[in-house]
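Just so it is clear, none of the values below were taken in a lab; they were calculated from the coordinates. On a predicted model such as this, the values are computed, not experimentally measured, just so you know. Virtual Cβ from ideal backbone geometry, glycine too; neighbours counted across all protein chains shown.
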Amino acid sequence: MGKTIGVLALQGDYFKHAVAAQKVGAQTVEVREKADLGKVDGLIIPGGESGVMSKLLVRDGLLEPLKKFAATGKPIFGTCAGAILLSADIERYEQTSLGLLDIQVKRNGYGRQIESFETTLTVPVLGDNPVWAVFIRAPVITRVGEGVEVMATHKGVPVLVRQGSVMAATFHPELTEDSRVHEYFLAQV
């Protein structure tokens, strides 16, 4: 039987992550409540609006269950807003986060919607071919703790990081045809 990946489905682009995970051979479950976490081997926290997602996590009683899920060692992957929710510290915002990655982030660090961009990244663990990356109102990682592995950078700034079983990208790999980031995550499950 294949691996089952949960995609946090409270807000944001969870559908495209589900499609990307299915493309690389995973079954997917939309995670909307605590019971859904018991059905999955790994979890993706999608992009979206991190402030709204944070409030929904509190409202729906999912903060502690997500922390317990992470404590089991099951892999978690957050993209864009998901990276913000995983971070230990959010600059200049009073916002609840899971604190699962020893990083500090700045929301909308590259600027407003009009400053969104696409570029190629070198990601050594994914091979020699560059990864096409889509940054939409992306956060900037402004501090990386000692236990955090930087897997890719853009202009010297970390954009793909990992600490233990928790991984975060400030870009949107689900918006491209390149499935290597999702394949890598699935291999960690």
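So here's what we get for this one:
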read-out: Pair Val157, Glu94: separation of 7 Å Cα→Cβ label points (nm); value: 2.6
read-out: Correct option for Cα Rg over 2.2 N^0.38 Å [calculated from the coordinates] among (i) 1.01; (ii) 1.06; (iii) 0.93; value: (iii)
read-out: Estimated 222 nm signal from helices in the chain, with DSSP H stretches of n ≥ 4 weighted -39500 (n - 2.57), rounded to 500; value: -7000 deg cm²/dmol
read-out: Residues with amide H under 5 Å from that of Ala152, placed H, sequence gap 5 or more; value: Val159, Leu160
read-out: Loop trypsin sites (Lys or Arg not before Pro), the stretch 115-183 (other Cβ atoms within 10 Å of the site Cβ: 14 or fewer; DSSP); value: Lys155
read-out: Which listed pairs, of Lys34/Lys155; Lys3/Lys155; Lys16/Lys74; Lys23/Lys68; Lys39/Lys106; Lys3/Lys68, have C-alpha distances above 30 Å, in listed order; value: Lys34/Lys155; Lys3/Lys155; Lys39/Lys106
